[in-house]
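Following: one structure in structure tokens, then a few remarks.
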Amino acid sequence: FHDFSEDVKGRTAVAKRVLHLWDKNKDGALQMHELEHLVSNTDGQISLGALDAAVSSTPAVKLAWEAFVVGLILWFVYTTVVQLSVAKQVDLDEEAVAQRKSKAR
């Protein structure tokens, strides 16, 4: 890594971290067998986020946003079920009232 002329945005630190994390035989180079488990099943490529564990960890803001979206979806499903059940109950009540009116005559 000493051959790099300048360290742009901490790239040297990231490269060192990735090399330290995945270089199992400690020869200073990454071989395919050391990275095979990171290959995606869908496209056969390695994600850069999968290489650097420090970057690939899920930030709290992302988790909070995903929880918020899941909450919205669940709230929509809940209110839809409640609305449908109230509408069904109104229909049943109207039928019951109509039957009682017809018996009263």
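The values are calculated or read from the model by the stated rules, or taken from the named source; none is laboratory data. Just so you know, these numbers come straight off a predicted model, no measurement behind them. Glycine also receives a Cβ, built like all others from the backbone with ideal geometry; neighbour counts cover every protein chain displayed. Please note that ligands, DNA and RNA were not included when accessible areas were found on the heavy atoms of the full protein model with its side chains. Shrake-Rupley method; radii C 1.70, N 1.55, O 1.52, S 1.80 Å.
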(Q) Which pairs turn up if I take residues in the range 80-105 that are in a loop (DSSP other than H, G, I, E, B) and look for partners that are of a type in the set (Phe, Trp, Tyr) with beta carbon separation below 9 Å, at least 6 apart in sequence or on another chain? (A) none
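State whether one or more residues within the range 65-80 are under 29 Å from Leu21 (Cα atoms), surrounded by 10 or more Cβ atoms within 10 Å (Cβ to Cβ) and at pLDDT 80 or above. Steps first, answer last, please.
Residues of the range 65-80 under 29 Å from Leu21 (Cα atoms): 66.
Those still in the list that are surrounded by 10 or more Cβ atoms within 10 Å (Cβ to Cβ) too: 66.
Within this subset, residues satisfying the condition of being at pLDDT 80 or above are 66.
Within the range 65-80, one or more residues are under 29 Å from Leu21 (Cα atoms), surrounded by 10 or more Cβ atoms within 10 Å (Cβ to Cβ) and at pLDDT 80 or above.
Which one is farthest from Ala50 (Cα to Cα) among residues in the range 17-28 that are open to solvent by 100 Å² or more (accessible area, probe 1.4 Å) and at pLDDT 80 or above? Show your work before the answer.
Taking the range 17-28 first, the residues open to solvent by 100 Å² or more (accessible area, probe 1.4 Å) are 20, 24, 26.
Pick out the ones that are also at pLDDT 80 or above and you get 24, 26.
Numbers: Lys24: 16, Lys26: 19 Å.
Looking at residues that are open to solvent by 100 Å² or more (accessible area, probe 1.4 Å) and at pLDDT 80 or above, I get Lys26.
From the list Ala50, Ala13, pick out the single residue that is among the small types (Gly, Ala, Ser), under 23 Å from the mean Cα position of the chain (by Cα) and modelled with pLDDT under 80.
On the way: Ala13 fails: under 23 Å from the mean Cα position of the chain (by Cα).
Result: Ala50 is the single residue among Ala50, Ala13 that is among the small types (Gly, Ala, Ser), under 23 Å from the mean Cα position of the chain (by Cα) and modelled with pLDDT under 80.
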Q: Mind telling me which of the residues Gln45, Gln31 ends up being modelled with pLDDT of 80 or more, open to solvent by less than 90 Å² (accessible area, probe 1.4 Å) and of a type outside the set (Gly, Ala, Ser)?
A: Gln31
